[in-house]
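**Q** Here you go, one structure.
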There are 2 protein chains.
Amino acid sequence: MPDILAASTADDWRLLDPENTLYLELASGRVVIELAPDFAPAHVANVKTLAREHYFDGLAIVRSHDNYVVQWADPNAEKPELARKLQTAKKTLPPEFERSLDAKVLFTRLPDGDVYAPEVGFSANFPVGRDPKSGKMWLAHCYGMVGAGRDAPADSGGGTELYVVTGHSPRHLDRNVTLLGRVVKGMELLSALPRGTGALGFYEKPEQRVAIKAMRVASEVPAAERTPLELLRIDTQTFQKLLEARRNRHEEWFHFQAGKVEICNVPLPVRPAAK
Amino acid sequence: MPDILAASTADDWRLLDPENTLYLELASGRVVIELAPDFAPAHVANVKTLAREHYFDGLAIVRSHDNYVVQWADPNAEKPELARKLQTAKKTLPPEFERSLDAKVLFTRLPDGDVYAPEVGFSANFPVGRDPKSGKMWLAHCYGMVGAGRDAPADSGGGTELYVVTGHSPRHLDRNVTLLGRVVKGMELLSALPRGTGALGFYEKPEQRVAIKAMRVASEVPAAERTPLELLRIDTQTFQKLLEARRNRHEEWFHFQAGKVEICNVPLPVRPAAK
């Protein structure tokens with residue numbers, strides 16, 4: 001893989017758009033999230049509004065469920081007198097679990113098969129499932145994907161609670177919850193958090209929670225303080241070479257070639273942007 | 001799932017055999033590993049010998065690679081004058097990457113399909129792949145599986161370095177390395193360790209390593225100090241009900257039914273043994 005990336009051209013990469021990027025600021029560092037407005041336009045817009053209105057600042061990571069997710073939210077969300085007030089952002093939204101197929105939405109199919117979806121592939125740098133029969137496509141719950149937590153009703157989420165997949169990809173959640181982005185840098189700041197010992201991995205004591213210093217849309221952060229990143233474009237020969245190198249590993253260490261690669265095992269390379 | 005398990009009978013469970021169980025003792029607690037002698041008899045025997053000869057005591061977890069593995073080993077393995085001496089255990093063994101199909105080895109097929117293997121299923125409480133054409137079966141790299149690290153030659157491992165899968169299941173490793181067991185309790189003591197910042201997730205400073213207090217075969221630990229556990233037998237109606245409840249989730253929260261379950265998303269329940 002390093003050889004393939006070293007041979008890539010500048011055109012193989014695209015700059016992460018600051019208007020489409022969130023920074024989750026923790027004491028341990030910055031988590032960078034690329035948003036997916038093609039799949040969850042209302043949720044993305046709402047989360048950006050929440051970030052602009054500093055909704056998340058001082059809230060906390062309240063849950064770390066082993067082999068599943070971490071989640072951040074208002075710890076006082078259920079206590080009306082203490083709960084963080086919304087300004088113009090919405091508390092809940094209609095679900096955006098899937099969307100219609102649309103030729104304008106980039107899709108690069110992965111022909112290797114899948115247990116959960118009739119077809120899988122990539123749209124920009126997001127793993128997606130598709131069903132030509134129903135005419136729908138949706139983001140897939142791979143490691144690092146970011147979603148909007150909700151209660152039982154489909155329309156009870158809106159982005160005030162966000163989760164990130166930190167374990168084996170829980171693909172049974174696909175089409176059940178609105179995914180809206182992917183962590184492109186800083187996963188280890190979330191995945192290595194101590195696991196909560198309460199039900200569903202909730203932290204049982206307030207002092208176990210991990211404080212959120214701030215969450216910001218990158219475009220609102222002074223340019224000098226941003227984390228400029230580039231993502232390998234998936235509609236390139238370089239990406240196809242990388243897929244092939246994952247199906248059939250030529251490193252000396254490998255003695256058996258799988259011949260296939262599963263959607264959530266495909267690397268989606270990210271690098272610091274050229275200056 | 002809790003309802004299905006609550007309705008299970010005592011016969012649906014089997015006691016973890018202390019002779020077939022390893023305890024990895026860390027300052028943070030005990031990790032319990034069930035060994036898989038049906039698949040890696042020589043490696044299992046060698047690791048038990050290493051444990052009996054206290055080979056691992058005072059060694060360390062040297063690597064935590066995000067979305068991949070943790071690994072423990074002798075940090076001085078490459079320095080002949082400092083390296084831990086072997087007694088009767090072997091340093092290396094011929095590979096046990098796969099084994100022949102054998103009617104005596106229990107197998108419960110999972111008919112839901114798989115990207116990597118012609119057939120998948122469970123053998124005792126281990127996820128396995130099978131290929132009727134080649135007449136082989138092998139353990140699958142799901143979350144929590146334990147393997148014997150090796151260098152490039154296939155016969156360069158033997159159990160003196162062990163790794164545990166802590167991320168999305170790296171199934172491309174199947175048939176490339178000897179798996180020999182599965183963590184059945186204490187995964188969170190491994191999965192939440194800080195990620196190493198060196199190449200491949202190695203800890204760069206000795207003080208970042210996590211000391212191993214001891215590794216023991218459970219049968220050599222006084223009975224009162226053991227962790228008695230039971231595992232749900234996979235050749236039961238209860239396990240089939242559990243599979244069906246995972247394919248089609250009846251909890252109120254789910255609005256879309258996947259209809260399938262992928263091998264590494266199947267829970268393999270473990271509970272404290274009845275007294």
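The values are calculated or read from the model by the stated rules, or taken from the named source; none is laboratory data. Because the structure is predicted, anything quoted here is derived from the model rather than measured. Reconstructed Cβ throughout: ideal geometry from the backbone, glycine too, with neighbour counts over all protein chains shown.
**Q** Looking only at residues that are touching a residue at least 60 places away in the same chain (Cβ under 8 Å) and not β-branched (V, I, T) in segment B:103-116, which one is nearest to B:N248 (Cα to Cα)?
**A** Among those residues, the one meeting the criterion is B:D112.
**Q** Determine, yes or no, whether A:T160 is buried (at least 23 other Cβ atoms within 10 Å of the Cβ), β-branched (V, I, T), within 13 Å of the chain's Cα centre (by Cα) and more than 11 Å from A:L179 (Cβ to Cβ).
**A** So A:T160 fails the test.
**Q** Looking at (1) under 15 Å from B:L93 (Cβ atoms); (2) facing another protein chain (nearest Cβ under 9 Å); (3) crowded, with 24+ Cβ neighbours inside 10 Å, find the lone condition where B:R175 falls short.
**A** In the conditions (1) under 15 Å from B:L93 (Cβ atoms); (2) facing another protein chain (nearest Cβ under 9 Å); (3) crowded, with 24+ Cβ neighbours inside 10 Å, B:R175 misses (1) alone.
**Q** Residue check: is B:L101 farther than 28 Å from B:D131 by Cα and among the aliphatic types (A, V, I, L, M)?
**A** Here the answer is no, as B:L101 does not meet what is asked.
**Q** Another question, if that's okay. How many residues are surrounded by 15 or more Cβ atoms within 10 Å (Cβ to Cβ) and of a type outside the set (D, E, K, R) if we restrict to segment A:195-223?
**A** 12
**Q** Can we say A:L24 is at pLDDT below 95 and either assigned to a loop (DSSP other than H, G, I, E, B) or not aromatic (F, W, Y) (or both)?
**A** Spelling it out, it is not the case that A:L24 is at pLDDT below 95 and either assigned to a loop (DSSP other than H, G, I, E, B) or not aromatic (F, W, Y) (or both).
**Q** Please determine whether any residue of segment B:157-170 is more than 9 Å from chain A (Cβ to nearest Cβ), in contact with a Gly (Cβ under 9 Å, 6 or more places away or on another chain) and free of Cβ contacts under 8 Å to residues at least 24 places away in the same chain.
**A** No, segment B:157-170 contains no residue that is more than 9 Å from chain A (Cβ to nearest Cβ), in contact with a Gly (Cβ under 9 Å, 6 or more places away or on another chain) and free of Cβ contacts under 8 Å to residues at least 24 places away in the same chain.
**Q** Please enumerate the residues belonging to segment B:4-60 that are among the hydroxyl-bearing types (S, T, Y) and either touching a residue at least 60 places away in the same chain (Cβ under 8 Å) or farther than 25 Å from B:R84 by Cβ (or both).
**A** Passing the criteria: B:S8, B:T9, B:T21, B:Y23, B:S28, B:Y55.
**Q** When the residues of segment B:115-136 are filtered to those that are of a type in the set (A, V, I, L, M, F, W, C) and under 25 Å from B:Q71 (Cβ atoms), which remaining residue is surrounded by the most Cβ atoms within 10 Å (Cβ to Cβ)?
**A** In this case the residue turns out to be B:V128.
**Q** Only residues that are within 30 Å of A:R226 (Cα to Cα), of a type outside the set (A, V, I, L, M) and assigned to a strand (DSSP E or B): list them for segment A:131-156, please.
**A** A:W138, A:G147
**Q** Shifting gears a bit: Being in contact with a helix residue (DSSP H, G or I) (Cβ under 8 Å, 6 or more places away or on another chain) and away from chain A (no Cβ under 14 Å) is the filter here; which residues of segment B:184-217 pass it?
**A** B:M215, B:R216, B:V217 - these are the residues of segment B:184-217 that are in contact with a helix residue (DSSP H, G or I) (Cβ under 8 Å, 6 or more places away or on another chain) and away from chain A (no Cβ under 14 Å).
**Q** So, in segment A:234-275, how many residues would count as being assigned to a helix (DSSP H, G or I), facing chain B (nearest Cβ under 8 Å) and not hydrophobic (A, V, I, L, M, F, W, C)?
**A** 2
**Q** Filter segment A:72-98 down to residues that are of a type in the set (D, E) and in contact with a strand residue (DSSP E or B) (Cβ under 9 Å, 6 or more places away or on another chain), then give me how many there are.
**A** Matching residues across segment A:72-98 total 3.
**Q** Then there's this: Checking A:L110 against (1) farther than 30 Å from A:I61 by Cβ; (2) more than 10 Å from chain B (Cβ to nearest Cβ): exactly one of these is not met. Which one?
**A** It is condition (2) that A:L110 fails.
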